[in-house]
Every structure is written in structure tokens, then in C-alpha cells.
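Step one of this worksheet: look at the structure below.
The values are calculated or read from the model by the stated rules, or taken from the named source; none is laboratory data. Given the structure is predicted, the values throughout are model-derived calculations rather than measurements. FYI the Cβ positions are ideal-geometry reconstructions off the backbone, even for glycines, and counts take in every protein chain you see.
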Amino acid sequence: MKILVTGGAGFIGGNYVLTMVKKHPEDEYVVLDALTYAGNLETLKDVAGEPNFRFVKGDIRDRELIDGLFAEEQFDVVINFAAETHVDRSVEDPGIFVTTNIIGMQNLMDACRKYNTGRFHQVSTDEVYGDLPLDRPDLLFREDTPIHTSSPYSASKAGADLLALAYHRTFGLPVTISRCSNNYGPYHFPEKLIPLMISRALADESLPVYGNGANVRDWLYVTDHCNAIDMIIRRGRVGEVYNIGGHNEKTNLEVVKTILKALDKPESLIHFVKDRPGHDLRYAMDPTKIETELGWKPEYTFDTGIQKTIEWYLNNREWWENIISGDYQNYYERMYRDRQ
Ligand code: NAD
Ligand code: DAU
């Protein structure tokens, strides 16, 4: 199969490509990524020389570029990871979330229709379901939980999901959607909670916890998410939504204290700061459908995954220090200057 992976220089797309290029040498992987502030080609350097890997710099909002790439490559599968993903940024500047997450994604689906692509997979999020109360641990998000969003980010992801299902019903586009809970692991951009807290704790800087730290997220180690997507594109039913999650609910304060303990840093680094506007209280996924239909099971618990993640950040300081210094943005220039 020839597989287009959009957003493959980001956190989850990067982990997906690093895993699958080696796991499926019989498949070809083309990564399309605009290399926004969140894209980092250094993440992909371990597969850069593989014969079944190609990188294309480009924006999913650019219809002409998308059309040319589809005409050239004739993809069998498209997996759309490309998105603006940070909730706090969507509060500051919602517009780019609409153009990338909805219009960019529509461009990809139009190209899939035109070139008869066998599958369009949309990587979505549990945030489309809104939030759950903190005092009802019995409630979980199911695939039929109504869409009910809180932030411009989650609203844009919900809009994309609805458009994908509409393209399936109206045009018969072979679409699947996965909605995953919070990911963590290697190559996570240090603006998000876990890598931010690890990098700041290592520098003995204060750790900004929003509100009272009681908000709950349901954490999944990133490669467990990647394996689930791989199963869905191969065996998932067209027109279906699959929830992905591993029953790892933690309050933000529990997460931050776990990191401090593992790094042998004092809890006095924790600073409670003004809350995020519209801050979702609790996410919790019911993954029964993907477990029973496709036999997916996560490999990691939060305890095993967070230790592996902290070790990765300790052993790969250069990757995240280059981000904090801004040097990673010169990498494309250095790598590709002589290759154009
Ligand atoms: P990320 O921000 O780390 O990476 C996004 C990637 O998309 C970057 O490489 C960026 O350069 C690229 N990109 C952005 N705009 C683009 C454009 N217009 N054209 C081409 N490329 C563009 O994001 P992530 O955390 O890896 O998330 C990937 C996907 O998974 C997103 O769709 C997100 O909504 C979804 N998701 C994320 C999580 C999570 O916990 N991180 C959980 C569930 C779902
Ligand atoms: O649930 C899936 C979603 O998880 C994805 O769709 C998003 O793309 C991804 O960014 C993530 O969204 P969150 O808002 O849950 O992740 P974030 O890391 O920004 O925040 C996690 C929790 O930590 C949230 O309750 C806010 C809190 N937080 C975050 C930051 C950055 C803090 O308390 N302090 C911080 O500095």
C-alpha cells in the first residue's frame, strides 16, 4: 500500500511513521507536513534513509499542491494527523484552527474523491465529546456520546469529524475516524503538560498548574495510539468511529507530582496559576468497540509509560533543548538545502 501521512513531523504522526516504516517494509509512506512551529524533521531522522519513506513539505490548505501530490502518487490510504492541536493557542487565535483543521482536511477528502483513494482516516480526539463531571466516575465517552465542544480547537475537530461522516454518507467516501484520549511519550512538543513539566522541572523552573490541578485526563502512551490507527486502516469498518483509550485517568496534580518524584525534585516547584478559559473537567474513554471488534489492547499502563517517557526526555535532551532554543526550525534548511 502507498500511505499518505499528513502531519507526520508532529508528535503522534512522527511516532506513527517511525514505528510503521520499519514494521511494514512492504508499504510506502509519504509524509506531508507544513513544518509549522509544531513540526520537527529531526523527529524523522531515523527513517530518513529508508527506501519506503519520502518527505514532502507542504500545507494541507494548498489545494493545488494536494492535487499535484495525489496525481503523482495515487495513494491507497490517507491518514490525516495534520492539525493545529494546542487548546491554549486556539483561545488566543481560533482562525488557523478552522482553516487547517476543517478546510485543510476538506481539501484532502476532495482529493481522495477525485483520485479514488481507498481509505481516508481522520485522527480525531476525545475532546469532541466535551467533558464529564468529576463526581461521576461511572460515566465514560462512547462513540454515540453526543458531540459537545468547549474550545475553538475541539469545535474545529468536531467540525472535521462531521464533515468526514457527511462525505461518507453523501459521496460514499471510504472514511474511518478514531477519537483518542490524551497521548504522551517521546517527541511530544514541550508546550503540552507532560513534556512542559519534565523540561521545566529539570531546569528547576516553576511548574504552572491551571486552577486547582483537579482536572482529569485519560492518558495513553503514544505507540498504543499508533497501533490502534494501524489496525483501523487495515481492518476497521468504513463509516465507523472508534474510541481509543486505556483507562488511565489522572488528575493534573497527580501527573505533575509523579514527574517531580521521578526526577527527585521538590513539590515546591508547583505554582497554581489562573485557569484555562472553558477548561474541560474530565475526559474518560470507553474503548470497548475497538477492543472487541479489532482486538486492540494497550501495551502500557500510565506507570510503565510515564517512566519510559521520562527516561526518553533525560536521554534525548538535545531534541527538546533545540525546540526551546528555536534551533529545530533551521533543521529543514540544513537537511534539504542541497537536495531541492
Ligand atoms: P502536533 O501539534 O504535535 O503535530 C501536528 C503536525 O501537523 C505538525 O507536524 C505540523 O507541522 C503539522 N501541520 C499543522 N498544520 C499543517 C498544515 N496546514 N499542513 C500540513 N501540516 C500541518 O499534534 P499531535 O499531538 O501529534 O496530534 C496529531 C493529531 O492527533 C491531531 O489531529 C490531533 O488533533 C490528534 N490528537 C492528538 C492527541 C494528543 O494528545 N496529542 C490526542 C488525540 C488526538
Ligand atoms: O484529549 C486529547 C487532547 O489532549 C488532544 O486532542 C489535544 O491536541 C492535546 O493538546 C491534549 O489537550 P489537553 O488540553 O488535554 O492537553 P494539554 O497538555 O494542553 O493540557 C493537559 C491538562 O493540563 C489540561 O487540563 C490543562 C493542564 N495544563 C496544561 C498546561 C500546558 C496545566 O495545568 N498547565 C499547563 O501549563
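Things worth noting here:
- Which numbered condition Val209 misses (of (1) hydrophobic (A, V, I, L, M, F, W, C); (2) closer than 22 Å to Gly39 by Cα; (3) near ligand 2 (Cβ under 9 Å from one of its atoms)): (2)
- Failed criterion for Thr288 (all others in (1) within 26 Å of Pro133 (Cβ to Cβ); (2) surrounded by 14 or more Cβ atoms within 10 Å (Cβ to Cβ) hold): (2)
- Matching option when the condition is farther than 23 Å from Tyr210 by Cα and under 21 Å from the mean Cα position of the chain (by Cα), among Asp327, Asp286: Asp286
- Picking from residues in the stretch 270-285 that are crowded, with 17+ Cβ neighbours inside 10 Å and among the aliphatic types (A, V, I, L, M), the one that is nearest to Leu193 (Cα to Cα) is Ile270.
- Selection within the stretch 291-313 - surrounded by 12 or more Cβ atoms within 10 Å (Cβ to Cβ) and farther than 19 Å from Thr223 by Cα: Glu293
- Checking Ala48 against (1) in a helix (DSSP H, G or I); (2) exposed (fewer than 14 other Cβ atoms within 10 Å of the Cβ), the condition it does not meet: (1)
- Qualifying residue in the stretch 54-62 (condition: of a type in the set (Asp, Glu) and surrounded by fewer than 24 Cβ atoms within 10 Å (Cβ to Cβ)): yes
- Tallying residues that are out of contact with any helix residue (DSSP H, G or I) (no Cβ under 7 Å at 6 or more places or on another chain), assigned to a helix (DSSP H, G or I) and within 15 Å of ligand 2 (Cβ to nearest atom) within the stretch 111-136 yields 2.
- Selected residue (only one of Val273, Val255 is of a type outside the set (Ser, Thr, Tyr) and in contact with a Phe, Trp or Tyr (Cβ under 7 Å, 6 or more places away or on another chain)): Val273
- Qualifying residue in the stretch 195-205 (condition: more than 11 Å from the chain's Cα centre (by Cα), away from ligand 1 (no atom under 15 Å from the Cβ) and in a strand (DSSP E or B)): no
- Filter pass, Leu202 being aliphatic (A, V, I, L, M), modelled with pLDDT of 95 or more and within 9 Å of ligand 2 (Cβ to nearest atom): no
- Options Leu162, Leu108, Leu65; residue that is under 24 Å from Ile232 (Cβ atoms), part of a helix (DSSP H, G or I) and without any contact (Cβ under 8 Å) to a residue 60 or more places away in the chain: Leu162
- Cβ-Cβ distances below 8 Å connect the following pairs, each with a first residue in the stretch 207-232 that is part of a helix (DSSP H, G or I), a second residue that is near ligand 2 (Cβ under 8 Å from one of its atoms) and hydrophobic (A, V, I, L, M, F, W, C), and a separation of six or more residues or different chains: His225/Cys180; Ala228/Cys180.
- Pairs meeting the criteria (first residue in the stretch 302-323 and under 18 Å from Leu41 (Cβ atoms), second residue of a type in the set (S, T, N, Q) and modelled with pLDDT of 95 or more, beta carbons under 9 Å, at least 6 apart or on different chains) are Trp319/Asn40; Trp319/Thr43; Trp320/Ser199; Glu321/Ser199; Asn322/Asn40; Ile323/Asn40; Ile323/Ser199.
- Cβ-Cβ contacts under 8 Å between residues 6 or more apart (or on different chains), taken from a first residue in the stretch 251-273 that is farther than 18 Å from Glu311 by Cβ to a second residue that is among the basic types (Lys, Arg) and modelled with pLDDT under 95, are absent.
- Filtered residue count, the stretch 183-199, keeping only those that are in contact with a Ser or Thr (Cβ under 9 Å, 6 or more places away or on another chain) and near ligand 2 (Cβ under 10 Å from one of its atoms): 7
- Here the helices (runs of 4 or more DSSP H) wholly within the stretch 248-324 that include at least 2 residues being farther than 24 Å from Ser181 by Cα are 302-315.
- Filter result for the condition that a residue is within 16 Å of ligand 1 (Cβ to nearest atom), among the acidic types (Asp, Glu) and more than 26 Å from Tyr313 (Cβ to Cβ), over Asp230, Asp275, Asp224, Asp286: Asp286
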